[in-house]
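Take a look at the structure set out below.
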Amino acid sequence: MLYGREDEQAVLARLLDGARDGRSGALVLRGEPGIGKTALLEHAAAVAGSDFRVVRASGVECEAELSYAGLSLLLAPGLELLPALPGPQRRALEGAFGLADEPVPAGGRLLTGLATLGLLAELAVEKPLLCLVDDAQWLDRASAEALLLAARRLQAEGIVLLLAARDDEEAFPAAGLAQLRIAPLGDPAAAELLAAGLPPTVRRRVLAEARGNPLALTELPAALAAEPPGEGAPGVLPLTGRLRLAFHGQVTGLPAATRTLLLVAAVEETGDLATVLRAAGELGAGPGALAPAETAALVRVQGEGTLSFRHPLVRAAIVQRAPLQARLAAHRALGEALPEGDRRTWHLALAATGPDAALADALERTAERAGSRGGHGGARAAYERAARLTPDRDGATRRLVLAAEAATEEGRLEHAEALADRAGARTDDPFAHALIAHIHATADFWRGDHPAALRRLLAAAGTGIEPSHAARMLFQAFHAAWYLGEEQVGAVLERLGALRLEPGDPLAPLARHLLAGTLPLLGRPAPPLPPARETAAEARRAGAAPSDLVQVCGATLVLGRDAETFELAAELAAEARAKGYLGILPTVQFFLAEAELFHGRHRDAEVTATEALALAEDTGQRQWVSQLSALLAHLAALTGAEEGCTALAAAAQAGSGPAGAPSAGDPWAQWSLALLDLGRGRAADAADRLQRLTGGRHRHHVSATRAVPDLVEAAVRLGAPERAAEAYQRFARWADATGQPWARALSLRCQALLGPDERAESSYLAALELHRDTGRPFEQGRTALLYGEWLRRGRRRTDARPHLRAALEVFEPLAAHPWAERARTELTATGAAVPAGPGGGAPAGLTPQELQIVRLAARGLSNRDIAAQLFLSPRTVGHHLYKAYPKLGVASRGELAGLV
């Protein structure tokens, strides 16, 4: 029975009722040890009853370095359902759990999280599913990340996921999930829970010391009764320490063999009774030693031979109070009792007290396997301990560097740098120091300290290391320089161009492409830019990784080859979905969404960017969260959605830079806000923003380059065309260098605006002629609008009408409301009959995810196929289709093909 938890019970009841109706929900229960989190989990299981399928797992402090240990325990009941998952997701879980030798692909942590969601959804097919995870703060990092990703994506599967964790949010961060803090019991409930029959003085003392903690209320009376008179003054120890002492006091009175068995059980992470008994037997504690612990209710045996402790503090008390030699002996016995594998290696390593070359080698193999499964935390810990066990100095240094690299992948930047510094202090090898500098630079880059990252990378690339390694460092240096300015970008390109890469080096074609795409932007001579797919094909043949090919998209976009960018990015995105390279998908989709936007495919760009933003948030890619938020702000600006635009721009600008440094998405955000101002008629605000953007240190960015025509329009509207003169001259040179008709059309439009007036008409007409074949309706519409406005101001109202009507016919389907309103106003001023505004086509009412699902369904894909493409569960796909049908005015799937 629970006392004083009526509010918490009501929250759990609502979640369970929702799952019975097909909805999903996740909740983190937070509170101090003993506050009743476990009791609430048990209450949820009791209320769920036979209506639900229940799966459980619990974090164990000593298994926190074993990648996917907690997740494998939770999903064990569903392993027979693995064949139902899409191939990449199935392989990711099989690799994570060691069921297959195939490594998890790049971005494996995201893929494993999506596979976790998929398997949980399969478990919920026949009845709702209740997932209970206790002591989540002790889950290994890989398991925690997978579960949190799955939790954030729950929608309509009929799943309730409850995670109990301590108050320390650093130990178990759960951003984006609902959280319920479990408060101490009130005085009436605490008094009701406290056992009757206690002397009044003891009762008052327990109530005072327990401070509403249910576990303390049940355990302290016996502990106080066992204290000698005059000892144990209140407040000497924190409550958790008092409880540990209380539990340890219960253990101390047990037979020595039972204490040995309990210690073995406490350091064994899975609760497997057979393994515990084998190891304890090696230490002289037979099966009979278990009975006294069961009688004392310190442990219980459940189900199919699983041993569990009454409370995690019991386990903690046993381990922390045991002598060092006893703990070492327990680990050694467990290592001997386990079959060959990573768990055996880990326990033997924890028992080692000095260098052991063979064990260090085995631990390095464990680290490699953990890294290949995406368990970078486990890899880091294994490399680090392997370094301690390595007898020779150079071998230990190499493993410290590997540990630092794994810590970087894990996201523990400070720890990575500390490991790198330890390695650097042990060696004079130039290559090792170059790798160490790369680790520091990566940490600087992800913190947003681009100047420091650039300095380190340029220095490391110049230490005489092999050209291929230097090129990879210079590619990263280019990324850092991109946020600093043209001078820094030029310096990196100069170094990259001087490298002598072998013809078969996969980075050679990528380096040529980057130079050819970027140097014209800086006004420097450059070789011709080869077709993007040609460069990508050459790099693939030489063995380039998919993550390397992404750079081709960026360099191609810089030189205005948007159609090629679209083709390659779409190809890479499809490959990433099919093969599970999900870590690069937000980057690829950003370039894809840019290309879609520039081609006037605004709805497509919104769908692409919305999905990419969710993936970037799930994987902690702050740079792309910032960039994608800014791109979505731009799309909102095009529709005139002021509130949405400003909110997304604010999110982008808060996204990825350190205090005082611009975020990665700041240039796009500035352009978005300026476009919003321009559409709303706030030309002065737009000009101010755009002048800073196009004349500042980010003026070489894609967004700043493409924003120049907007600056020209804003400056001319203010009667200050000189404010755009310098930026336009750069844009005109760049447009000529691209050789793209659409860029030349925009340059001509700027010429028409800037004058002289007698040449404006020929410039407008030449621009419109070029627009016709570029497939960029929005820009064509804007040119037609500006030309129509110019004609009307010249009192040529009849000539203006067809152009203004053409502009309106472009803007309305694109939902470019500010520009449509301008065109409508201008048409009215010519005396023309103005057509009514659109009623809003059915697809416009769909959310980006609904539109994405409807399009795939219209192509004939099943719910399961769509789920595999979009990383959702089939039931969630069905839920979105059910919501989309009324919006589209259809009743069945078969009607979609003719509509979308």
### Query
Helix 486-498 sits at what angle to the longest principal axis of the chain, using alpha carbons and giving 0 to 90 degrees rounded to 10?
80 degrees
### Query
How far is it, in nm, from the label point at ALA357 to the one at ALA498 when both lie 7 Å from their Cα along the line to the Cβ?
4.3 nm
### Query
Between ALA418 and ALA766, how many nm apart are label points set 7 Å from Cα along the C-beta direction?
6.5 nm
### Task
Please label the shape of the stretch 729-791 as rounded, prolate or oblate, based on the square roots a ≥ b ≥ c of the eigenvalues of the alpha-carbon gyration tensor (a/c under 1.5 means rounded; beyond that, a/b larger than b/c means prolate, else oblate).
oblate
## Note on the structure
Computed from the beta carbon distance with a Förster radius of 35 Å, FRET efficiency for LEU324 and ALA222 to the nearest 0.05 stands at 0.75
### Estimated FRET transfer efficiency when R0 is 41 angstrom, pair ALA297-ARG540 (beta carbons, to 0.05)
0.05
### Query
Can you tell me the accessible area per residue over the chain, all protein chains present, probe 1.4 angstrom, in square angstrom?
40 Å²
### Query
For VAL11, what charge total do you get from the other residues with a beta carbon under 14 Å from its beta carbon, if Lys and Arg give +1 and Asp and Glu give -1?
+1
#### Entry: Antiparallel bridges, percent of DSSP beta bridges restricted to the chain (to nearest 5)
20 percent
### Query
Alpha carbon centre of the stretch 785-814 versus the stretch 142-219: separation in Å?
66 Å
### Task
Based on the mean of other Cβ atoms within 10 Å per residue, sort peptides 284-296, 452-464 so the most packed one is first.
452-464, 284-296
### Query
Over the stretch 453-511, what relative contact order in percent results from Cα pairs under 8 Å that are six or more residues apart?
33 percent
### Query
Using the Karplus equation 6.51 cos²θ - 1.76 cosθ + 1.60 (θ = phi - 60°), what ³J(HN,Hα) coupling, rounded to whole Hz, does each residue of the stretch 354-368 give in order, writing x for Gly and Pro?
x, x, 8, 4, 5, 5, 5, 4, 5, 5, 5, 5, 4, 4, 4
### Message
Keeping all protein chains in the complex and leaving out DNA, RNA and ligands, what accessible area do you get for LEU851 with a 1.4 Å probe, in Å² to the nearest 10?
### Response
10 Å²
### Task
For the stretch 747-771 and the stretch 258-322, write down the distance between their C-alpha centroids in whole Å.
84 Å
### Task
Order the peptides 752-759, 317-324, 30-37 from the highest to the lowest mean number of other Cβ atoms within 10 Å of their residues.
30-37, 317-324, 752-759
### Task
Quote the accessible area belonging to ILE439 in square angstrom, nearest 10, computed with a 1.4 Å probe and with ligands, DNA and RNA left uncounted.
10 Å²
### Task
Starting from the Cα gyration tensor of the stretch 723-866, take the square roots of the eigenvalues, sort them a ≥ b ≥ c, and report rounded, prolate or oblate (rounded when a/c is under 1.5, otherwise prolate if a/b is larger than b/c, else oblate).
oblate
### Message
Which order do you get for HIS513, HIS817 if you rank them by accessible area with a 1.4 Å probe, largest at the top?
### Response
HIS817, HIS513
### Query
Highest mean first, what order results for 348-356, 53-61 on Cβ atoms within 10 Å?
53-61, 348-356
#### Entry: Förster radius 45 Å - calculated FRET efficiency between ALA100 and ARG893, Cβ distance, rounded to 0.05
0.80
### Task
Compute the relative contact order of the chain as a whole-number percentage, counting only Cα pairs closer than 8 Å that sit 6 or more residues apart in sequence.
8 percent
### Query
Roughly speaking, what is the stretch gain from ARG20 to ALA459, that is 0.36 nm per residue apart minus the C-alpha to C-alpha distance, in nm to one decimal?
152.0 nm
### Message
Assuming 0.36 nm per residue, please report the length gained on full extension of the stretch ASP757 to GLU575 beyond their Cα-Cα distance.
### Response
60.4 nm
### Task
Sort the stretch 1-98 into rounded, prolate or oblate with this rule: let a ≥ b ≥ c be the square roots of the eigenvalues of the Cα gyration tensor; rounded if a/c is under 1.5, and if a/c is not under 1.5, prolate when a/b is larger than b/c, oblate otherwise.
oblate
### Query
Which angle from 0 to 90°, rounded to the nearest 10, does the C-alpha axis of helix 797-811 make with the longest principal axis of the chain?
20 degrees
### Correct choice for percent of Cα pairs over 50 Å apart that was computed from the model, options (i) 31; (ii) 27; (iii) 24
(i)
### Summary
Between the Cα axis of helix 239-252 and the main Cα principal axis of the chain, the angle (0 to 90°, nearest 10) is 40 degrees
### Query
In the neighborhood of TRP790, defined by Cβ-to-Cβ distances under 15 Å, what is the net charge if each Lys or Arg adds +1 and each Asp or Glu adds -1?
+4
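The values are calculated or read from the model by the stated rules, or taken from the named source; none is laboratory data. Owing to the predicted nature of the structure, the values given are computational and were not obtained by experimental measurement. We place every Cβ from the backbone using ideal geometry, glycine too, and count neighbours over all the protein chains shown. These accessible areas exclude ligands, DNA and RNA; they are computed on the full protein's heavy atoms, side chains included. Shrake-Rupley method; radii C 1.70, N 1.55, O 1.52, S 1.80 Å.
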